[in-house]
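Since the structure comes first, as structure tokens, the remarks are kept for the end.
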């Protein structure tokens, strides 16, 4: 049974790390685009809150209750209940996180580099796709949504985060190299070559 919960640890970490990244992106975008990035940060806070509570309940309440045989009234909390609180909170968390992706992507759309614009496109496309899936699945399945949206939203969200992570790493590394080269040229032009 503990193996069924192992995947929640990196997912908890992802929620917190992405929250920090969204704040960093807010300060990185041009001032005229910060309304969009601020909306993205606010939505990320709500999404991270829902996901952290959801996974923390699974790890600290449900898992402990199952191990000690205290199972009364736990079924509504279980990740195995397709109509339970776990799936509901995940659906809310991932829908909100993907809406944050859209706002962050819009905020990044005006950054100068091709990589930053590609990052913006991945954010907007991934976020919009996930939200579209929610609307389509809810329309088709109604109250029988079960695990369908949860599984697809997890898939798209992780693909977006992996892709964006790579793109932003390269973008920031190049920006750092450019900044270091600029500082070196500035030192040389002022005759200050000592570090």
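Below, the figures for the structure above:
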{"quantity": "Over the chain - Rg/Rh using Cα atoms and the Kirkwood inverse-distance radius", "calculated": "1.11"}
{"quantity": "Mean ellipticity per residue at 222 nm, deg cm²/dmol - from DSSP H runs of n ≥ 4 across the chain, formula -39500 (n - 2.57)", "calculated": "-26000 deg cm²/dmol"}
{"quantity": "Pairwise label distance in nanometres, residue 132 with residue 83, each label 7 Å out on the Cα-Cβ vector", "calculated": "3.1 nm"}
{"quantity": "Residue-span extension gain [residue 16 to residue 172] - 0.36 nm each, minus C-alpha spacing", "calculated": "54.2 nm"}
{"quantity": "Additional length obtainable on full extension of the chain from residue 118 to residue 56, 0.36 nm per residue less Cα span", "calculated": "18.9 nm"}
{"quantity": "Acute angle (nearest 10 degrees) that the helix 148-189 long axis makes with the longest principal axis of the chain, alpha-carbon atoms", "calculated": "20 degrees"}
{"quantity": "Theoretical gain in end-to-end length, residue 45 to residue 155 [0.36 nm per residue, Cα-Cα removed]", "calculated": "37.5 nm"}
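Every read-out reported here was derived from the displayed coordinates using simple, explicitly stated rules and does not represent laboratory data. Since we're looking at a predicted model, the values are computed, not measured. Quick reminder, even Gly has a Cβ in these numbers, built from the backbone with ideal geometry, and neighbours come from all protein chains shown.
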